[in-house]
Amino acid sequence: NIPTRTDEGREIRRGFVANPGCMFVAADYSQVELRVLAHITQDPNLVQAFKEDQDIHAATAAQLFGIPIEQVNKNQRRIAKTTVFGVIYGISAFGLAARTDLSRSEAQQLIDALFARFPGLRDYIDSTLEEGRREGYVRSLFGRRRYMPDLRVSGPRRQAAEREAINAPIQSTAADIMKIAMIRVDEALRERKLKTRMLLQVHDELIFEAPEDEVETIVGLVCAQMEGAYQFKDVPLKVDLEVGPNWEEMRDITTH
């Protein structure tokens with residue numbers, strides 16, 4: 001995993017260079033786990049934020065802090081993001097406090113506020129843990145199982161299993177969607193007899209090496225195949241694309 005937040009990491013990324021006459025095209029699912037969460041929970045506030053194509057973390061911060069979205073600052077957005085991801089990873093108030101510089105009571109208030117604003121989250125957590133204890137496993141949206149026998153024991157092992165059980169259906173559904181997308185893109189490349197190669201999957205991102213005269217075609221093709229990999233009822237999948245001569249010097253391109 002090549003880091004992007006340090007000068008050294010960025011310089012290392014600059015060393016990954018496309019072949020002469022080619023460009024890298026990076027296609028990244030935008031906030032796919034939160035979109036999966038919105039679909040599974042059908043929480044109206046979460047669904048609405050995605051329908052309106054809002055910055056989901058800013059929208060959450062506006063809800064949590066009771067302010068208009070345009071007044072949300074970077075720190076409030078960061079805290080909201082940490083809280084949302086913390087909750088779907090089963091974080092405690094103690095854990096959230098350590099990550100946000102809040103006191104434990106402030107962190108607990110934030111978690112309580114999140115559940116109050118997005119009641120579908122609490123329902124999802126409760127029903128997922130109940131199913132896991134009853135069946136012995138939790139499932140992705142596509143039925144892929146993760147067996148969780150430790151949900152039926154007590155002590156630290158159970159607490160760890162509960163955290164994993166809450167996140168597993170979301171994370172594994174996102175992974176399933178990525179696998180479907182890769183198959184669809186591969187088939188489309190073969191069908192069109194294109195020279196572009198799918199090089200790498202990095203979490204929610206696919207990286208391609210495309211001849212310069214295929215870049216425009218690839219951008220449209222990849223976006224269509226990835227966004228069409230699965231149709232959620234209310235929450236659209238969205239792909240962000242970048243193009244560049246190496247893995248560091250990538251520029252955003254707009255497809256919508």
For segment 106-146, which positions are more than 21 Å from Phe85 (Cα to Cα), surrounded by 15 or more Cβ atoms within 10 Å (Cβ to Cβ) and either aromatic (Phe, Trp, Tyr) or in contact (Cβ under 8 Å) with a residue 12 or more places away in the chain (or both)? Arg133, Tyr137, Arg144
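Let's see how each residue does on (1) in contact with a Phe, Trp or Tyr (Cβ under 6 Å, 6 or more places away or on another chain); (2) within 25 Å of Ser127 (Cα to Cα):
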site	(1), (2)
Pro20	no, no
Met23	no, no
Leu34	no, yes
Asp43	yes, yes
Ala49	no, yes
Ile56	no, yes
Pro68	no, no
Arg78	no, no
When segment 65-91 is checked residue by residue, the ones that are at pLDDT 85 or above and under 24 Å from Pro169 (Cβ atoms) are Ala80, Lys81, Thr82, Thr83, Val84, Phe85, Gly86, Val87
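In the set Leu221, Leu194, which member is in contact with a Pro (Cβ under 9 Å, 6 or more places away or on another chain), farther than 26 Å from Arg122 by Cα, surrounded by 14 or more Cβ atoms within 10 Å (Cβ to Cβ) and touching a residue at least 24 places away in the same chain (Cβ under 8 Å)?
Leu194
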Checking Gly21 against (1) over 23 Å from Thr128 (Cα atoms); (2) surrounded by 14 or more Cβ atoms within 10 Å (Cβ to Cβ), the condition it does not meet: (2)
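Limited to segment 147-187, what total is found for residues that are of a type in the set (Gly, Ala, Ser), within 19 Å of Asp126 (Cβ to Cβ) and crowded, with 19+ Cβ neighbours inside 10 Å?
Residues in segment 147-187 being of a type in the set (Gly, Ala, Ser), within 19 Å of Asp126 (Cβ to Cβ) and crowded, with 19+ Cβ neighbours inside 10 Å: 3 in total.
The values are calculated or read from the model by the stated rules, or taken from the named source; none is laboratory data. In this text, all values refer to a predicted model and were calculated from it rather than measured experimentally. Using ideal geometry, Cβ is built from the backbone for each residue, glycine included, and neighbour counts are taken over all protein chains shown.
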